[in-house]
1. I need two numbers for the protein assembly as shown: Rg to one decimal and Dmax as a whole number, Cα atoms only, in Å.
2. Putting +1 on Lys and Arg Cβ atoms and -1 on Asp and Glu Cβ atoms, find which of B:His67, B:Asn175, B:Tyr105 reaches farthest to the positive end of the dipole of the stretch B:27-247.
3. If you put +1 on each Lys and Arg Cβ and -1 on each Asp and Glu Cβ, how big is the dipole of the stretch B:1-87 around its Cα centre, in Debye rounded to 20?
4. For A:Val46 and A:Glu93 in the same chain, what is the full-extension length gain: residue separation times 0.36 nm, less their Cα-Cα distance, in nm?
5. If the chain between A:Ala109 and A:Val65 were fully stretched, how many nm would it gain, using 0.36 nm times the residue separation less the Cα-Cα distance?
6. Calculate the mean, over all residues of peptide A:34-40, of how many other protein chain Cβ atoms lie within 10 angstrom of the residue's Cβ.
7. Label 7 Å along Cα→Cβ of A:Ala36; the stretch A:58-83 residues with amide nitrogen under 15 Å?
8. Which whole-number percentage describes the relative contact order of the stretch B:27-247, with Cα contacts under 8 Å and a sequence gap of 6 or more?
Amino acid sequence: MAKPEGSANALALQVATPLGMQLDLEVESVQMPGVAGEFGVLPGHVPLLSALKPGLLKYKKQGAVVTCAVGAGYAEAGAHHVRLIAEFFARPEDVNVEEAKKDLEKAEARMKSFHGQFGDTEHGEIQKELDWARARLDLVAN
Amino acid sequence: MANLKAIRTRIASVKNTRKITRAMKLVAAARLRKAQENITRMRPYALATIDMITALAARAGEDEALHSLLARREPKNVMLVVLTSDRGLAGAFNSGISKAAFRKYQELVEAGMQVSVAVIGRKGGDYFRRRNVPITHTFSNVYETLSYKKASEIGDQIVIDYASHELDAVYICYNEFKSAITQKIVIEQLLPIEPSGRDSIAANPVDFVYEPSQQAILSTILPLYVNVELYRALLESVASEHGARMTAMDNATNNAVDMIAALTLQANRARQAAITTELMEIIGGAEALKG
């Protein structure tokens, strides 16, 4: 895939998941849920590679802010592009609230019965499920 | 002239074969549509992931301290991962990939390497067993319930073997899906990761800002590379298999149609010959009575 390259004062934003290319457009700014906290990218950003946790992705296009939910993944940013690879992606209209609530309950129950090492792979998996369920619910609550 | 009854039985049997091949063709076509959709959806994600990781690997260099999958060693122990199908009747699909993999195997052995083979799919297993090639891993029942999870189980095994120095290089052989009629046999190096874009880094040596840290990102993203690449190859292979089977069964159906036409002609000739002989006998008899 060719690296997206936006024009001078814009960012080319691409979001790919195993289910296909979800977003491919030019935006003015992007906000992402990094593992070390939420961060924003504006045109002219220094090269950055960040791991993402499930959460909300916000981008501004022609002054309007659009919010979506993304699963765990990675983001690569440069002066004129932002590229995301994520496990999941959802727009507000894609979210099935019942399903998200069920997923949240399931993840909470798993977390309660989890007795392994904090921070090991399984713990990370459960945390991801929790965050992804919460991200979807946050998205519809917005 | 062949016996008329025998020809008619033959026609009936070829008609049955035609029914079967036509049904198989339709099933393969339906499955192909689904498989093709899966692979076209997966490709952008896989290519973006691989692009990101090879660029990352180029910046990280060959520092094994950073991550075990970045290490480059003299290739002594090499593994070939061969993707074949569980079922046959798919034209040259399995024989093509097995032959290509076997050639690569011989090439590597001649270069003095210790080569092992991991086979996914029953057909490839049969092929390599017949040739007494040591098979270290066989992964069966992968295609029935193909999922990313299944691919990561295989991928994790490869990562463990590589990290523990049991393997120095891993190649993957699969059929890349081009269209329903064409598949391309691909032999790719899976590990060590081939860094890309060294030149552009030399021109622009600014390193990435890593969040949370370079090491933390490498430790999770490099295993992802193997799994994503493997999963993509599996999806390519499945789509290719259905395409190959559809084409093979289409050809078989056409051949059956041609054969039925030829046999029908033969049957008609035999029938006509029988009638003519009978007529000749009747006329001969009548002439004799007149005499």
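Throughout, read-outs are computed from the coordinates displayed, never taken from laboratory work. All figures in this text were calculated on a predicted structure; none of them were measured in a lab. In this analysis, Cβ positions are derived from the backbone assuming ideal geometry, glycine residues included, and neighbour counts consider all displayed protein chains.
1. When restricted to the Cα atoms of the protein assembly as shown, Rg and Dmax are 29.9, 118 Å.
2. Positive-end residue among those listed: B:Asn175.
3. The dipole of the stretch B:1-87 has a size of about 1440 debye.
4. Details: separation 47, 0.36 × 47 = 16.92 nm, distance 3.35 nm.
This chain segment gains 13.6 nm when fully extended.
5. On the way: separation 44, 0.36 × 44 = 15.84 nm, distance 3.46 nm.
Additional length available on full extension: 12.4 nm.
6. What the average comes to for A:34-40 is 2.
7. Flagged as within label range: A:75-77.
8. Over the stretch B:27-247, the number comes to 33 percent.
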